[in-house]
Amino acid sequence: MLRSEKEISRVRNKQGRTAYGILTVPVVAIAGLLANVLPSMAVTDSYYNDYRVCAAQLLSVGVTAQAASTGCATALRPRDLSSCVATIKKETQIDPAEAFSPCRQARRPKELASCVVGISKNTQNQVNPDVLRYCGRSLLPVTFAQCVVGLRKEIDLAPTQALDTCIDASERASALGTSSTPPSRVPTGFSPTFETQPIPANPGN
């Protein structure tokens, strides 16, 4: 009797292991399939894909498909490129096709857009053809725009005159900043004097 009970228990254990194995194989297989499929879906279908966002945004503002594909593919920050063009299109009267190239060439596309929008609003869109070029020339577009807007708020300057004044100042500042020997500063009102006679080698003699 005892032997038959042991045999029955052994058979049940074997059946349980077999059933567990049958259930485990499909689960493992499904998990493997999901692991292979889900990452590719995330890459191709997600709006977290910067290149997809860039292309969609550029196309939505009227940039051609060829220009959008080349621009997004070569941009270090595709979202910044498309955001630059879209912001200028939305906030100014500048054609997106004209804004595309400066935004693409800018080191900081978002700052370029801020520069263009700020100056365009301040000048009531009087210098639209030029503002892109000026903001593109500046190494610090936001600072340049602040210069133009700030001066025009307090001084009666024509838009072009303010652009020229601020771009000249920013380029001179950039040149000084890259100089290998920075200029020495002399306090106001201080007149340095220089020895005209050589200092003797032995002052005690």
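Within region 60-76, residues that are surrounded by 12 or more Cβ atoms within 10 Å (Cβ to Cβ) sit with their Cβ atoms under 9 Å from residues that are β-branched (V, I, T) and not in a helix (DSSP H, G or I), at 6+ positions apart or across chains, in these pairs: G71/V63. Can you confirm whether C135 is among the hydrophobic types (A, V, I, L, M, F, W, C) and within 24 Å of D168 (Cβ to Cβ)? Criteria met by C135.
Is it the case that some residue within region 112-120 is touching a residue at least 24 places away in the same chain (Cβ under 8 Å) and either surrounded by fewer than 18 Cβ atoms within 10 Å (Cβ to Cβ) or of a type in the set (K, R) (or both)?
Residues of region 112-120 touching a residue at least 24 places away in the same chain (Cβ under 8 Å): 112-120.
Filter once more, so that each one left must be either surrounded by fewer than 18 Cβ atoms within 10 Å (Cβ to Cβ) or of a type in the set (K, R) (or both): none.
Checked against the condition, which is being touching a residue at least 24 places away in the same chain (Cβ under 8 Å) and either surrounded by fewer than 18 Cβ atoms within 10 Å (Cβ to Cβ) or of a type in the set (K, R) (or both), region 112-120 yields no hits at all.
Per the listing A145, A175, the residue uniquely modelled with pLDDT under 95, out of contact with any strand residue (DSSP E or B) (no Cβ under 6 Å at 6 or more places or on another chain) and assigned to a helix (DSSP H, G or I) is A175.
Considering the conditions (1) polar (S, T, N, Q); (2) open to solvent by 30 Å² or more (accessible area, probe 1.4 Å); (3) assigned to a helix (DSSP H, G or I), Q124 is excluded by exactly one of them, (3). In region 153-170, the residues that are in contact (Cβ under 8 Å) with a residue 40 or more places away in the chain reach residues that are in a helix (DSSP H, G or I) with C-beta atoms within less than 7 angstrom, at least six apart or across chains, in these pairs: L163/D130; L163/Y134; L163/V148.
The values are calculated or read from the model by the stated rules, or taken from the named source; none is laboratory data. Just so it is clear, the model here is predicted, and its values are computed rather than measured. Positions of Cβ are generated from backbone atoms using ideal geometry, with glycine treated the same way; all protein chains shown enter the neighbour counts. Just so you know, the surface numbers come from the protein's heavy atoms only, side chains and all, with ligands and any DNA or RNA stripped out. Shrake-Rupley method; radii C 1.70, N 1.55, O 1.52, S 1.80 Å.
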